[in-house]
1. Can you list the DSSP H helices in the chain whose Cα atoms extend at least 27 Å along the helix axis and whose mean Kyte-Doolittle hydropathy is -0.5 or higher?
2. Explain nothing, just compute: Karplus ³J(HN,Hα) = 6.51 cos²θ - 1.76 cosθ + 1.60, θ = phi - 60°, for every residue of region 16-32 in order, whole Hz, x for Gly and Pro.
3. Find the eigenvalues of the gyration tensor of the Cα atoms of region 6-217, then list the square roots of 5 times those eigenvalues as equivalent ellipsoid semi-axes, largest first, in whole angstrom.
4. Please tell me the relative contact order of region 29-85 in percent, rounded to the nearest whole number, where contacts are Cα pairs under 8 Å and at least six residues apart.
5. How high is the FRET efficiency from H123 to E209, r the C-beta distance, R0 30 Å, rounded to 0.05?
6. How many angstrom separate the Cα center of region 20-48 from the Cα center of region 68-136?
7. Work out the charge dipole of the chain with +1 on the Cβ of Lys and Arg and -1 on the Cβ of Asp and Glu about the Cα centre, then indicate which of N37, F215, G199 is farthest towards its positive end.
8. Using amide H atoms built in the peptide plane, which far-off residues or other-chain residues are under 5 Å from S26 H to H?
Amino acid sequence: MIAFGFRYTREEKGRNVVIGEIKTFSPTKGDLLRGRNPLEILKAYERAGCSGISYITASSFRGNIETLKRICKETTLPVLRKDFIESKTEVERTAEVEARALLLIARILKEKTPEFADLCFEHGLEPVVEVFDEEDLKFVENAKTVLINNRDIFNPSDVDLSRTFRLSPKINAFKISGSGISKLEDLKVLKAVDAILVGTSFMLAENTEQFVRTFVEAKL
């Protein structure tokens, strides 16, 4: 399997495995960049000790492939591209900009998920399969990395961290919990998964680097 990088960070440095998301816009919170350069956020995440970077290229989140390309060139950390992938050409585009991983949403791809995962591996990408409920689990049997989304992508106001605790025991893979993680108390999910992915709360922080570091260095 291609090393996405997170498990080795935990073993070698003994810190929480935190993936910092560079998120330009939120449907519920609005503009998150607030005039800042995305690369400025990237450097703050690096200094704070993030194990990896996530960037949303979806136009509905005001993202784009060119910014992803810039991020990939500016960091040695593994970069995950998040988008609503439905086309195989997008797998190729992701590899071309030298991202290390690509999000595949099981609720969207359904029975095509394993096929897209295989295509990712063929292009040197780590497929990160997103699940939301038990129905999605049948599409991740062979997945090596799974992201449990605590948010319903079709109903963004529905966020529940208990989804991580409910689904985690049923997944045999490297597990990431994402969405709804905004305060140190939420790090309890790390008792059920290997890593967390945080975007909105990091982007809204007054002092990004300092706030992110508290998550990375927190004792569970």
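1. Helices meeting the criterion: none.
2. 5, 8, 10, 9, x, 9, 8, 10, 6, 8, 10, x, 9, 10, x, 5, 9
3. Over the Cα atoms of region 6-217, the semi-axes work out to 23, 20, 17 Å.
4. RCO, region 29-85: 38 percent.
5. 0.35
6. 20 Å
7. F215
8. Excluding prolines and chain starts, which carry no amide H, the hits are D31, L32.
A short reminder: the numbers here are calculations on the coordinates, not readings from a lab. These numbers come from a predicted model, not from an experiment. Cβ: placed from backbone, ideal geometry, glycine included. Neighbour counts: every protein chain shown.
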